[in-house]
Amino acid sequence: MDVEISDLKIGKSYATEEVHFSGGLRGASTNLGWALFPVSDDKDSDAIVFKTPKDHLDFATRQCGVRYLGACVRYVSGTNSPPMDVWEFGARDPQNGLGAADSWATIGHQAAKAGDTRYAEAASYVCANLRAAGLRLRDVSNGYHDQLNWALAEKRAPETWFSNAALQDLYADFHSLASELSSARDHVAMIAAMHVGAPDRIESLSRLEEWIEKPANQSHATNPMIHALLDALGTKAAPGWLRKMGDLRNEMLHRIPMSANKSVAGLVLEQVHTALGTVSKIRLAEPLSKTPLAKQPQDPLRDLSMFSSSLEVLCRAIWKHAKYPAEPLHFGSNAAAT
């Protein structure tokens, strides 16, 4: 789709990319290869370098036991312009070369051109929430990275529990991430409801599920969008990842705020012994004097990052059935030459 623009300015911009892993670890391309850091508090030996991105990823996920979260690409153009961070979950959709957020943005643009205001607004909401969720996941990852650097600099003993003031920022970022993910889920559900002629009051996944359960509406469960949502939701007896995501969000925002949740009351520095030496990583935990780390639930960052990537995949699958195509926009100008 072609979009006419005006006041176009062309200049140089610079992009840097960092790969984020759970546990506070990072990856970046250097002149020597792909570096994984931090692995010590010594600036001369705070990274392990690999020749290829695949070796880098395999070592981090298999030997260090961390989860790939995504990549943050920062664009900078000039000293007086704000930088722009773009969160990438991985490879873009091969059908249009876009991530889920940008795909829904183009759907919203085409719906608006067609005069379908409600559909356009809902699609733009999905885009906005997915973009915000990516940035909030970036912020959570940044908090873990800072905590890992501080723990290494202070020479924290491994397998000991500690806390600090910066935890409050981390909790707040977790709450925001869970909220944005759930809002994106509900706006997608609202779009699916439009496709089967559901009443306008069906504006969330929970309301859509209740509506579909009524005998008169059960035939709509075969709609591709609704089927994808219900499959990810599962049942109350056998919940799928989408229901578990909602339960975690409700716990954080309605029942037990993270800052008051004893199960994530502090931090623990873990050490992993690998073929290339010892690597440290950080996680949230309750005091080890009460529950040994091996018996505690996995770190919430692993859960929420899984939900984030799963929602990205779901939103990519669902846009294939949207009323309007998710075609990349082409920008141009018809201004007369002078």
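The values are calculated or read from the model by the stated rules, or taken from the named source; none is laboratory data. Everything numeric in this text was worked out from a predicted model, so none of it was measured. Glycine gets a Cβ as well: all are built from the backbone with ideal geometry, and neighbour counts include every protein chain shown. Ligands, DNA and RNA are excluded from the accessible area calculation, which covers all protein heavy atoms including side chains. Shrake-Rupley method; radii C 1.70, N 1.55, O 1.52, S 1.80 Å.
ILE212: in contact (Cβ under 8 Å) with a residue 12 or more places away in the chain, out of contact with any Lys or Arg (no Cβ under 9 Å at 6 or more places or on another chain), part of a loop (DSSP other than H, G, I, E, B) and crowded, with 17+ Cβ neighbours inside 10 Å, yes or no? In short, no. Among the residues of the range 142-153, is there at least one that is closer than 30 Å to LEU314 by Cα, in contact with a strand residue (DSSP E or B) (Cβ under 9 Å, 6 or more places away or on another chain) and touching a residue at least 40 places away in the same chain (Cβ under 8 Å)? Checking the range 142-153: at least one residue is closer than 30 Å to LEU314 by Cα, in contact with a strand residue (DSSP E or B) (Cβ under 9 Å, 6 or more places away or on another chain) and touching a residue at least 40 places away in the same chain (Cβ under 8 Å). When the range 152-183 is filtered for residues that are in contact with a Gly (Cβ under 8 Å, 6 or more places away or on another chain) and either open to solvent by 30 Å² or more (accessible area, probe 1.4 Å) or assigned to a loop (DSSP other than H, G, I, E, B) (or both), the ones remaining, listed by number, are TRP161, SER163, ALA166, ASP169, ASP173.
Looking at VAL39, VAL3, can you tell me which residue is modelled with pLDDT under 95, open to solvent by less than 60 Å² (accessible area, probe 1.4 Å) and within 25 Å of the chain's Cα centre (by Cα)? Talk me through it step by step, then tell me what you get.
Numbers: VAL3 fails: within 25 Å of the chain's Cα centre (by Cα).
Residue meeting the stated conditions: VAL39.
Whenever a residue of the range 121-132 is closer than 18 Å to GLN110 by Cβ and assigned to a helix (DSSP H, G or I), it has no partner that is modelled with pLDDT under 95 and among the aromatic types (Phe, Trp, Tyr) lying with C-beta atoms less than 7 angstrom away and at least six residues away or across chains. Pairs linking a residue in the range 227-242 that is under 21 Å from ILE191 (Cα atoms) to a residue that is in a strand (DSSP E or B), with Cβ atoms under 7 Å and 6 or more positions apart or on different chains, are GLY240/GLY234.
Before we move on, is LEU267 open to solvent by less than 30 Å² (accessible area, probe 1.4 Å), at pLDDT 95 or above and either in a helix (DSSP H, G or I) or under 19 Å from LEU69 (Cβ atoms) (or both)? Taking the combined requirement at face value, the residue satisfies it. If I filter the range 66-121 down to residues being within 22 Å of SER308 (Cα to Cα), among the small types (Gly, Ala, Ser) and in contact with an Asp or Glu (Cβ under 9 Å, 6 or more places away or on another chain), which single residue comes out as modelled with the lowest pLDDT? For the range 66-121, the residue satisfying everything is GLY90.
Closer than 18 Å to SER179 by Cβ and basic (Lys, Arg): which single residue out of ARG118, ARG136 fits that description?
Details: ARG118 fails: closer than 18 Å to SER179 by Cβ.
Result: ARG136 is the single residue among ARG118, ARG136 that is closer than 18 Å to SER179 by Cβ and basic (Lys, Arg).
Taking the range 247-264 only, how many residues are open to solvent by less than 40 Å² (accessible area, probe 1.4 Å) and more than 20 Å from TYR144 (Cβ to Cβ)? Qualifying residue count, the range 247-264: 0.
The residue that is farthest from THR278 (Cα to Cα), among those in the range 53-87 that are outside any loop (DSSP other than H, G, I, E, B), touching a helix residue (DSSP H, G or I) at 6+ places or on another chain (Cβ under 8 Å) and not aliphatic (A, V, I, L, M), is ASP85. Among residues that are closer than 25 Å to LEU181 by Cβ and of a type outside the set (S, T, N, Q), LEU229 is included. The set of residues in the range 273-308 being surrounded by fewer than 18 Cβ atoms within 10 Å (Cβ to Cβ), closer than 19 Å to GLY24 by Cβ and of a type in the set (Gly, Ala, Ser) consists of GLY277 alone.
Screening the range 44-60 for residues that are open to solvent by 50 Å² or more (accessible area, probe 1.4 Å) and closer than 19 Å to SER141 by Cα and picking the one that is nearest to the chain's Cα centre (by Cα) gives LEU57.
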